[in-house]
Amino acid sequence: NGARMNAFKKSFGCNAVRGLEKIEQVVLSKSRNSVVLKCANSQEFVIPAELLRAFSPAANSASAAFKKSSNAQGYVAPAGKSSVQIYRATPVGNYGVQLWFDDLHSDGIFTWPFLLDLAKQKRLYMRKYISALRAQNQSRHRRRSKR
């Protein structure tokens, strides 16, 4: 589908302000495995699709509580998402962006402040995510089916 192919190559501007940062543009990478936030102060932040998927702010997701806690209690980390891709991004007013992942997940809106927080603290979020997976005896990688 040609329209779908163009969706991840395009970028859109926004006027999100948090502190001194102003996100001016959100760009999906050509490989569809990350989002780039371009700020007015020339800073750029790259957020991997796996991390975005792991902390999707869906209403039924326990990730909101997990983001604020120091442990993984109550958070069910999505396993097998190391190669997840984003195939669509749509701005939602001045509020944020909605992402569609190739595992068919599209619930939740990523607010501009949350995207900046995720971008700036991605190592911390990734450590929490991996710790939760280990506690659940799960992996970031898809399990191969036995044939």
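FYI, it's all coordinate maths here, none of it is from the lab. The structure presented is a predicted model; accordingly, all values stated were derived computationally and were not measured. For neighbour counting, all protein chains shown are included, and Cβ atoms are generated from backbone atoms with ideal geometry for every residue, glycine included.
Working from label points 7 Å from Cα in the Cα-to-Cβ sense, the Ser106 to His141 distance is 3.1 nm. Inter-label distance, Val92 to Arg127: 2.9 nm, where each label sits 7 Å from its Cα along the C-beta direction.
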